[in-house]
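Before I ask anything, here is the structure I am working with.
The values are calculated or read from the model by the stated rules, or taken from the named source; none is laboratory data. Because the structure is a prediction, the values reported are computed rather than measured. FYI the Cβ positions are ideal-geometry reconstructions off the backbone, even for glycines, and counts take in every protein chain you see.
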Amino acid sequence: MKNRLIAIVLTLLFSFQAAESVAGTKGALSICGTTWGKYGGEDLPGKGLVPDLVAKVFQHTGYDVEAIIVPWPKCVQRAKDQTYDLIAAGWQGENFA
């Protein structure tokens with residue numbers, strides 16, 4: 001549980017950093033995530049915990065957010081190509097510690 005909480009907090013911190021970089025626009029943002037248990041998935045409420053949490057943070061600051069669930073390699077590549085504005089992800093596991 002502690003690792004999940006840390007992952008969520010880190011996701012929020014990265015989200016706020018991304019918000020600062022686009023703070024002047026207050027337009028639409030596209031975020032991608034991947035299917036990952038209850039943390040991400042097309043059939044989950046809000047498309048999962050992580051995309052929903054990140055989307056709500058940005059919506060609270062005035063952005064229109066579209067969350068897209070795609071396979072992880074595609075999510076990363078499209079973020080690099082600037083197709084998506086942000087990757088909504090968390091990490092859990094021994095490398096996280």
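In the range 29-64, which residues are in contact with a Phe, Trp or Tyr (Cβ under 7 Å, 6 or more places away or on another chain) and either in contact (Cβ under 8 Å) with a residue 40 or more places away in the chain or over 10 Å from A88 (Cβ atoms) (or both)?
L29, S30, I31, C32, T34, L49, V50
This table checks each residue for (1) more than 20 Å from G37 (Cα to Cα); (2) at pLDDT 90 or above; (3) more than 10 Å from the chain's Cα centre (by Cα); (4) in a strand (DSSP E or B).
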| position | (1), (2), (3), (4) |
| --- | --- |
| V50 | no, no, no, no |
| L53 | no, no, no, no |
| Q59 | yes, no, yes, no |
| V76 | no, no, yes, no |
| T83 | yes, yes, yes, no |
| W91 | no, no, yes, no |
| E94 | no, no, yes, no |
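Which of the residues that make up the range 11-46 are part of a helix (DSSP H, G or I), at pLDDT 60 or above and not basic (K, R)?
T11, L12, F14, S15, G37, Y39, P45, G46
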